[in-house]
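Participant: Okay, here's the structure, questions in a sec.
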Amino acid sequence: MSRIGKKPIELPKGVTVAVNGRVVNVKGPKGTLNHNLHHDIDVKVEGQTVVVSPKSEDYDMRRYHGLTRTLVSNMVHGVTTGFSKRLKLVGVGYRAAPAGKGLALSLGYSHPINYDAPAGIELKVEAQTTIIVNGADKELVGQVAAKIRGFRAPEPYHGKGVRYEDEVIVTKVGKAEI
């Protein structure tokens, strides 16, 4: 049995979990999230806790057991407090500006990059060089942050580009004169 999967998930006040067939619905103050369950995993709501259990003790079921428990736990955390990722723009002239529900990015190209945020994601700009991606779905927040970082990934010689705030870029040594 999975060590992570055995732990029950405590539900904070204002959060409801409903299991309809193979779909888990989590509602909270920050929104609603849904997840399709693996066919060999059961999720039961017992009072103010959620218990995830496998239908068998097979090796594959132990993997899905822990994974499903973590996904449901992330959904509960997301609808209560949410998730966020911070991005820094490093480089001369690199800046971001809010544009409706998205961003207008100047990243050293001959044209600005306009990015519209998907539903459920909030983008904030601090001081033109810091972007904050907020949302209830952890996977979607990470995906949007990775997409924005992909517009100009940090280059290895000077470290210019879009990076996560806590990311460390190990720069290469340039040409050496003899």
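The values are calculated or read from the model by the stated rules, or taken from the named source; none is laboratory data. All of these numbers come straight from a predicted model, not from anything done at the bench. In this analysis, Cβ positions are derived from the backbone assuming ideal geometry, glycine residues included, and neighbour counts consider all displayed protein chains. Please note that ligands, DNA and RNA were not included when accessible areas were found on the heavy atoms of the full protein model with its side chains. Shrake-Rupley method; radii C 1.70, N 1.55, O 1.52, S 1.80 Å.
Participant: Against the longest principal axis of the chain, how steep is helix 59-80, in degrees 0 to 90 to the nearest 10, with axes from Cα atoms?
Facilitator: 70
Participant: Moving on. So what is the calculated 222 nm ellipticity per residue for the chain, using -39500 (n - 2.57) for each DSSP H run with n of 4 or more, over all residues, to the nearest 500 deg cm²/dmol?
Facilitator: -7000 deg cm²/dmol
Participant: In whole Hz, what ³J(HN,Hα) sequence does the range 20-28 give by Karplus (6.51, -1.76, 1.60; θ = phi - 60°), x for Gly and Pro?
Facilitator: In residue order, the calculated couplings are 10, x, 9, 10, 9, 10, 10, 10, x Hz.
Participant: Near G135, within a Cβ-to-Cβ distance under 12 Å, what is the net charge of the other residues, with Lys and Arg +1 and Asp and Glu -1?
Facilitator: So the environment of G135 carries a net charge of +1.
Participant: Classify the chain as rounded, prolate or oblate, taking a ≥ b ≥ c as the square roots of the eigenvalues of its Cα gyration tensor: rounded when a/c is under 1.5, otherwise prolate if a/b is larger than b/c and oblate if not.
Facilitator: Numbers: a/c = 3.27, a/b = 1.92, b/c = 1.71.
Since a/c reaches 1.5 and a/b is larger than b/c, the shape of the chain is classed as prolate.
Participant: Go through the range 131-178 and name the GluC sites (Glu not before Pro) that are in a DSSP coil and have 13 or fewer other Cβ atoms within 10 Å of their Cβ.
Facilitator: Sites meeting the loop and neighbour criteria: E165, E167, E177.
Participant: Using only the alpha-carbon atoms, how far is helix 138-150 inclined from the longest principal axis of the chain? Give it as 0 to 90 degrees, nearest 10.
Facilitator: With both axes taken from Cα atoms, the answer is about 20 degrees.
Participant: Please list R63, R163 from largest to smallest accessible area, probe radius 1.4 Å, with all protein chains kept in place.
Facilitator: Details: R63 125, R163 50 Å².
Largest accessible area first, the list is R63, R163.
Participant: Can I ask one more? Find the Cα radius of gyration of the range 1-69, compare it with 2.2 N^0.38 Å by division, and give the number to two decimals.
Facilitator: Ratio of Cα Rg to 2.2 N^0.38 Å: 1.10.
Participant: Using the heavy atoms of the protein chains alone and a 1.4 angstrom probe, what is the accessible area of the chain per residue in square angstrom?
Facilitator: Accessible area per residue, the chain: 61 Å².
Participant: What are the semi-axes of the equivalent ellipsoid of the range 52-119, taken as the square roots of 5 times the eigenvalues of the Cα gyration tensor, listed largest first and rounded to whole Å?
Facilitator: Rounded to whole Å, the semi-axes are 42, 14, 11.
Participant: Can you grab the distance from the C-alpha centre of the range 1-49 to the C-alpha centre of the range 62-81, Å, no decimals?
Facilitator: 8
Participant: Follow-up. Quick check on packing: order 98-104, 110-116 by the mean number of other C-beta atoms within 10 Å, highest mean leading.
Facilitator: Result, highest mean Cβ count within 10 Å first: 98-104, 110-116.
Participant: In square angstrom, rounded to the nearest 10, how much accessible surface does S53 have for a 1.4 Å probe?
Facilitator: Counting only protein heavy atoms, S53 exposes about 30 Å² to solvent.
Participant: I would also like to ask the following. If r is the Cβ-Cβ distance from Y157 to I178 and R0 is 25 Å, what FRET efficiency results, to the nearest 0.05?
Facilitator: 0.85
Participant: Through the Karplus equation 6.51 cos²θ - 1.76 cosθ + 1.60, θ set to phi - 60°, convert the phi angles of the range 85-93 into ³J(HN,Hα) values in whole Hz; use x for Gly and Pro.
Facilitator: Here the 3J(HN,Hα) series is 10, 10, 10, 10, 9, 10, x, 5, x Hz.
Participant: May I pose another question? Among K85/K160; K27/K101; K138/K172; K101/K172; K27/K88; K44/K138, which pairs are too far apart, with a Cα-Cα distance over 29 Å?
Facilitator: From the list (K85/K160; K27/K101; K138/K172; K101/K172; K27/K88; K44/K138), the Cα-Cα distance tops 29 Å for K138/K172; K101/K172; K27/K88.
Participant: I'd like the carbon and sulfur percentage of the solvent accessible area for the range 27-178, probe radius 1.4 Å, heavy atoms only, ligands and nucleic acids excluded.
Facilitator: C and S atoms contribute 50 percent here.
Participant: Round to the nearest 0.05 the FRET efficiency obtained for V19 and V90 when R0 = 35 Å and r is the Cβ-Cβ distance.
Facilitator: Step by step, r from the Cβ atoms, then E = 0.20.
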